[in-house]
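Enquirer: Handing you a structure now.
Taken together, the values in this text are just the output of simple stated rules run on the coordinates, not laboratory data. Values in this document were obtained by computation on a predicted structure and should not be read as measured data. Methodologically, a virtual Cβ is constructed for each residue, glycine included, from the backbone with ideal geometry; neighbour enumeration extends over all protein chains shown.
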Amino acid sequence: QVQLVESGGGLAQAGESLRLSCASSESIFTFNAMAWYRQAPGRQRELVASINNGGYTHYVDSVEGRFTISRDGAKNTVDLQMNSLEVEDTAVYYCAAQSRMSDYWGQGTQVTVSS
C-alpha cells in the first residue's frame, strides 16, 4: 500500500513563505506524476501543481510564479515551495501520486494564511 505523508503546513502571514514536503513509501518514479492539490472550505479540491516523470511541471494560474514544485528521487519526496502567500491560499493541501491504475493521496496538511 502506497503511503504519502505531508509535512510543513502551518500558519503564515500574507507575503510570507511556507514549504510543504511529501514523502512517498514508494519510488516517486513508480508513478506517472506527482501533484499537490488543495481544498478550501466550501470549495472543490483543485490541482495546484504537478510534475511528471519527465520533469514537466504544471501550475494553476493563481499560483504561477509564486509556487514551485520539485522532487528528490533519492529521498522519494516532492516539495511545494510557496512564496508570496495570499489569504486565498488558505486550504488543506494534499499530496497525490498518479499512476495508470490508481491515484494515491496523503492525509493533507493545513495551510492558513492571515492578512
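Enquirer: For a protection proxy built on the mean count of beta-carbon atoms within 10 angstrom, sort 38-49, 22-33 highest first, please.
Expert: 22-33, 38-49
Enquirer: Multiplying the sequence separation of R43 and W105 by 0.36 nm and subtracting their Cα-Cα distance, what value in nm do you get?
Expert: 20.5 nm
Enquirer: Estimate the FRET efficiency between T112 and V2 by the formula 1/(1 + (r/R0)^6), using the beta-carbon distance for r and 25 Å for R0, to the nearest 0.05.
Expert: Using R0 = 25 Å, I get an efficiency of 0.35.
Enquirer: Of the residues M34, M82, M101, which exhibits the maximal mean-square fluctuation in a Gaussian network model of the chain defined by a 10 Å Cα contact cut-off?
Expert: Of M34, M82, M101, the most mobile in the Gaussian network model is M101.
Enquirer: With only Lys, Arg, Asp and Glu charged, each at its Cβ (+1 for the first two, -1 for the last two), find how big the charge dipole of the chain is about the Cα centre; round to the nearest 20 debye.
Expert: Value, rounded to 20: 220 debye.
Enquirer: For the chain, what relative contact order do you get, as a whole percent, if you take Cα pairs closer than 8 Å and at least 6 residues apart?
Expert: Details: 283 pairs, mean separation 42.7, N = 115.
This gives 37 percent for the chain.
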